Amino acid sequence: MTKRILSLSFLSFNAVLTKILDREETSCLVCRTLGNFTLSIEGVKAGILFIELQEGFKVSLRSKGNFPVNKLAAEFGGGGHTNASGIRIRNGKMGDYISKILNKAEEYSERN
């Protein structure tokens, strides 16, 4: 179901590809629960789910405590609440953004 899974001391992320969603007949709604699930991992402050779409991709950001995923989302044109936010990139490839978003998440982790 997921292409990549990485857990750092503060973060867990998943990337779901369109072809996997199509093949598995999995809805994005079901996939988004992965972002919430990652927060149950001990020590994880934030969960990020990258969802590839036909045109661009979405990023679902979830956190607990004072990790401001809304500020992280705003850096990439997204928004939301302190502990639940999102990003929508229409004209970009998911692979080009994953490391940028994860690096920025690491900066926020160091501040909080």
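Given the criteria surrounded by fewer than 18 Cβ atoms within 10 Å (Cβ to Cβ) and at pLDDT 95 or above, does Gly65 qualify? It is false that Gly65 is surrounded by fewer than 18 Cβ atoms within 10 Å (Cβ to Cβ) and at pLDDT 95 or above. All told, Phe76 meets the bar of being among the aromatic types (Phe, Trp, Tyr) and in contact (Cβ under 8 Å) with a residue 24 or more places away in the chain.
Scan the stretch 62-82 for residues that are closer than 15 Å to Glu107 by Cα and not in a helix (DSSP H, G or I) and jot them down. Passing the criteria: Ser63, Asn66, Phe67, Pro68, Glu75, Phe76. Out of the residues in the stretch 35-61 that are outside any loop (DSSP other than H, G, I, E, B) and among the charged types (D, E, K, R), state the one that is surrounded by the most Cβ atoms within 10 Å (Cβ to Cβ). Step by step, filter the stretch 35-61, then rank; the result is Lys58. Taken over the stretch 83-112, the criterion of being assigned to a loop (DSSP other than H, G, I, E, B) and either free of Cβ contacts under 8 Å to residues at least 12 places away in the same chain or more than 14 Å from the chain's Cα centre (by Cα) (or both) is satisfied by Arg90, Asn91, Gly92, Lys93, Asn112. Filtered by the rule that a residue be over 21 Å from Arg111 (Cα atoms) and either at pLDDT 85 or above or of a type in the set (A, V, I, L, M, F, W, C) (or both), the stretch 34-48 gives Leu34, Phe37. Name the residues in the stretch 59-111 that are of a type in the set (Lys, Arg) and touching a Leu at 6+ places or on another chain (Cβ under 8 Å), would you? Within the stretch 59-111, Arg62, Lys64, Lys104 meet the criteria.
The values are calculated or read from the model by the stated rules, or taken from the named source; none is laboratory data. Computed from a prediction, not measured in an experiment: that's the story for all the values here. Heads up, the Cβs are rebuilt from the backbone with ideal geometry, glycines too, and the neighbour counts pull from every protein chain shown.
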